[in-house]
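J.: Before we start, here is the structure in question, set down as structure tokens.
The values are calculated or read from the model by the stated rules, or taken from the named source; none is laboratory data. Source: prediction; values computed, not measured. In this analysis, Cβ positions are derived from the backbone assuming ideal geometry, glycine residues included, and neighbour counts consider all displayed protein chains.
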Amino acid sequence: MRFSIDCRYIRERPSGIGAYVEALIERLPSLAPNDEFQLWVDPRARRPLSRSPNVTESVVRPEANSLPTLLWPSRLVDLSGVDVLHAPFNLLGRGVRCATVVTIHDLTWLLTPAASEGLSVATPFQALFYRDGILRALREATRIVSISEATADAIALVAPEARRRVRVIHHGVDARFRPAQTAAGRAADLLGTSEPYFLVVGQNAPSKQHGVVIEAFAAAALGGVRLVLLQRLYASGRLARRARELGVDDRVIWKSGAEPDDVVALMQGALALVQFSRFEGFGMPVLEAMACGAPVVASDIAPLCEVAGGAALHVPLEGPALAGALRRVAAEPSLRADLSARGLERARAFSWDRSAAAHLEVYREAAGRPAGA
């Protein structure tokens, strides 16, 4: 069989979807050595994406989230002879004749567009773009991969007829996310302080509620404890102003552009990872932190509860509740030790090898079924 995978999220900067696609293409060619894999490659990606003999790569200049992706995907890459196209980032373009698999990470752009990147003059147009691609995926994809049961439930509410085509496949966790082998010291070097800290990881989007975390950190009044925000982009002026208004700007550390091993070190050394998201499809930082042995404090939304599996300290979406949780974790070593042990055990349930094998099974299933069946 011949499978085509859109890998354009693999670029010069890290992203959750990019890491997901990288994990798949690292494993799929060796799992199916008699099949062929065609990869769509962004010109900014470090090449080759794969050195496997059953892989070919096609450079595609338009970005993943672009009009050509929606309007004429079959003009971007020659899909003749392809059995299945995998679109791993929510969107399905028009006119694809072969069987298709689309990964739905979440429905935020469909249900609450402003929570994705905030309100701007571009938001209505972005919402139309994503709505078109997501709804086509729900309506036309031969098979839909959902990264969590929570996302599958959301799909069932929006498009009940699509639920029978959904297959839930959890992400795995990279082997570099593991407990520190020696006493913590790397994190202190990275941060320039040996004080204990809470860690927040992720894009500064409204759905992540980083502003609420800063407010809860201020309300917790934890002397001698820092808050570290590790973001893909540098902290927004609004967040920095809020920290100043609350009088904690000297206790907040902003980090950006960290190397992968630095992220691991920061997770290993944290009092806890804090993920207070209002919307998520999965919550990779929660899984990665658990694999590092870091305690996790998370909101009680369904995807984060699913991933943590009872191994995190969950709190309702209220600032005072989060402040109380931060106080508890900072003050109770026994709680931290319990969360760490449970998190390590829970993280063992996730595997990229199993995830890749499940994706291959879905590809084969899609190849043997007509669209909509």
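J.: Looking at (1) modelled with pLDDT under 95; (2) assigned to a helix (DSSP H, G or I), can you tell me which one A371 breaks?
T.: Only one criterion in (1) modelled with pLDDT under 95; (2) assigned to a helix (DSSP H, G or I) is unmet by A371, namely (2).
J.: Any idea which of E22, E36 is charged (D, E, K, R), closer than 15 Å to A357 by Cα and crowded, with 17+ Cβ neighbours inside 10 Å?
T.: Exactly one of E22, E36 is charged (D, E, K, R), closer than 15 Å to A357 by Cα and crowded, with 17+ Cβ neighbours inside 10 Å, namely E22.
J.: Does segment 255-263 contain at least one residue that is surrounded by fewer than 19 Cβ atoms within 10 Å (Cβ to Cβ) and hydrophobic (A, V, I, L, M, F, W, C)?
T.: For segment 255-263, residues surrounded by fewer than 19 Cβ atoms within 10 Å (Cβ to Cβ) and hydrophobic (A, V, I, L, M, F, W, C): present.
J.: Given the conditions (1) in contact with a Gly (Cβ under 9 Å, 6 or more places away or on another chain); (2) modelled with pLDDT under 95, which single one is not true for H105?
T.: Exception for H105: condition (2).
J.: For segment 1-25, which residues satisfy the criterion of being within 17 Å of Q38 (Cα to Cα) and of a type in the set (S, T, N, Q)?
T.: Answer for segment 1-25, where residues must be within 17 Å of Q38 (Cα to Cα) and of a type in the set (S, T, N, Q): just S4.
J.: While we're looking at this one, here's another question. Can you tell me which of (1) aliphatic (A, V, I, L, M); (2) modelled with pLDDT of 95 or more; (3) under 19 Å from the mean Cα position of the chain (by Cα) is the one L111 doesn't meet?
T.: All conditions are met except number (2).
J.: For segment 180-226, give me each residue that is in a strand (DSSP E or B) and over 19 Å from L317 (Cα atoms).
T.: Initial filter on segment 180-226 (in a strand (DSSP E or B)): 197-201, 226.
Across segment 180-226, the qualifying residues are Y197, R226.
J.: Which condition does F279 not pass, out of (1) buried (at least 17 other Cβ atoms within 10 Å of the Cβ); (2) at pLDDT 95 or above; (3) under 17 Å from the mean Cα position of the chain (by Cα), if it passes all the others?
T.: (2) is the only condition that F279 fails.
J.: On to the next question. Given segment 3-76, what helices (runs of 4 or more DSSP H) lie entirely inside it while holding 2 or more residues that are of a type in the set (G, A, S)?
T.: Filter on segment 3-76 gives 16-31.
J.: Just give me the residues in segment 141-158 being outside any helix (DSSP H, G or I) and either touching a His at 6+ places or on another chain (Cβ under 8 Å) or without any contact (Cβ under 8 Å) to a residue 24 or more places away in the chain (or both), in sequence order.
T.: Here is the first cut: in segment 141-158, the residues outside any helix (DSSP H, G or I) are 141-148.
Matches in segment 141-158: V145, I147, S148.
J.: Just the residues that are touching a Lys or Arg at 6+ places or on another chain (Cβ under 8 Å) and either part of a strand (DSSP E or B) or aromatic (F, W, Y) (or both), please, taken from segment 279-312.
T.: S299
J.: Can you tell me which residues in segment 88-140 are part of a loop (DSSP other than H, G, I, E, B), of a type in the set (A, V, I, L, M, F, W, C) and surrounded by 20 or more Cβ atoms within 10 Å (Cβ to Cβ)?
T.: F89, L91, L92, V96, L107 - these are the residues of segment 88-140 that are part of a loop (DSSP other than H, G, I, E, B), of a type in the set (A, V, I, L, M, F, W, C) and surrounded by 20 or more Cβ atoms within 10 Å (Cβ to Cβ).
J.: Please go through segment 242-278 and give me each residue that is in contact with a Leu (Cβ under 8 Å, 6 or more places away or on another chain) and either part of a helix (DSSP H, G or I) or aromatic (F, W, Y) (or both), ordered by number.
T.: Matches in segment 242-278: W254, D262, V263, A265, L266, M267, F276.
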